[in-house]
1. Please work out how much length the chain gains when fully extended from ALA83 to ILE4, using 0.36 nm per residue of separation minus the C-alpha to C-alpha distance, in nm with one decimal.
2. Just to verify a number: FRET efficiency for LEU108 and ILE46, C-beta to C-beta distance, R0 = 41 Å, to 0.05?
3. Hey, fewest Cβ within 10 Å first, where do HIS6, HIS110 land in order?
4. List the relative contact order of the range 14-125 as a percent without decimals, with contacts defined as Cα pairs under 8 Å and 6+ residues apart.
5. Given the rule -39500 (n - 2.57) for each run of at least 4 DSSP H residues, summed and divided by the residues of the chain, what is its mean residue ellipticity at 222 nm, to the nearest 500 deg cm²/dmol?
6. Can you put ASP114, ASP2, ASP37 in order, fewest other beta carbons within 10 Å first?
7. What number comes out for the charge environment of ILE85, summing +1 per Lys or Arg and -1 per Asp or Glu over other residues with Cβ under 12 Å away?
8. Please list the helices of the chain that count as membrane-span-like by this rule: a mean Kyte-Doolittle hydropathy of at least 0.5 together with Cα atoms stretching 15 Å or more along the helix axis, each helix being a complete DSSP H run.
Amino acid sequence: MDIITHALLPYLLGSSLKMNKKLLSAFVLGAIAPDLDLLVVWINNIYPTSLLIVHRGFTHTFFFGFFTALIVLYLASRTPVKAAIRRFVDFDVDFTAPALAIAYAGILCHLFLDFLTTRGAPLLYPLETTRFSAEIYYHTE
């Protein structure tokens, strides 16, 4: 899936549930967070690995998805980062337990959408390296 689809699903869900701005921001942030691995996949060209530094690798798992949400939410809640993001979108997020839970729900939305594609995601990594896929939606990246 693309970043717009990943952001749109939680935005529409959160808006329909009348989430406040801070939680809605955390929900959308969590939904796009797994694809931030695209910023570091170039490392795999220098130091080849298995699922550590590839797109749809460890950030696309239930276990590491939580830590991805934790790190991204923490960074996005810092004042300089928040100010930089606000230059582009209406955004406000705090580093709180409810925001972390909602950000993780965003991660789960992301994993669900990637599960629908033919490429799937290694949802149970590090326990299992199998990519799970419903093979409903064909998408090339």
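Laboratory data are not the source of any read-out in this text; all were calculated from the coordinates shown. What you are looking at is a predicted structure, and each value in this text was computed from that prediction instead of being measured. For neighbour counting, all protein chains shown are included, and Cβ atoms are generated from backbone atoms with ideal geometry for every residue, glycine included.
1. Details: separation 79, 0.36 × 79 = 28.44 nm, distance 2.16 nm.
Once the chain is fully extended between ALA83 and ILE4, it gains 26.3 nm.
2. On the way: r = 32 Å, r/R0 = 0.78.
So the FRET efficiency works out to roughly 0.80.
3. Numbers: HIS6 22, HIS110 29.
Fewest-to-most Cβ neighbours within 10 Å comes out as HIS6, HIS110.
4. Numbers: 147 pairs, mean separation 44.8, N = 112.
It comes to 40 percent, rounded to a whole number.
5. Details: 6 runs with 73 residues, N = 141.
Helix contribution divided over all residues of the chain: -16000 deg cm²/dmol.
6. Working: ASP114 24, ASP2 11, ASP37 19.
With the sparsest Cβ surroundings first, the list reads ASP2, ASP37, ASP114.
7. +2
8. Working: long enough: 3-16 (20 Å, 1.23); 21-32 (17 Å, 1.46); 62-77 (22 Å, 2.16); 97-115 (27 Å, 1.65).
Counting only whole DSSP H runs, the qualifying helices are 3-16, 21-32, 62-77, 97-115.
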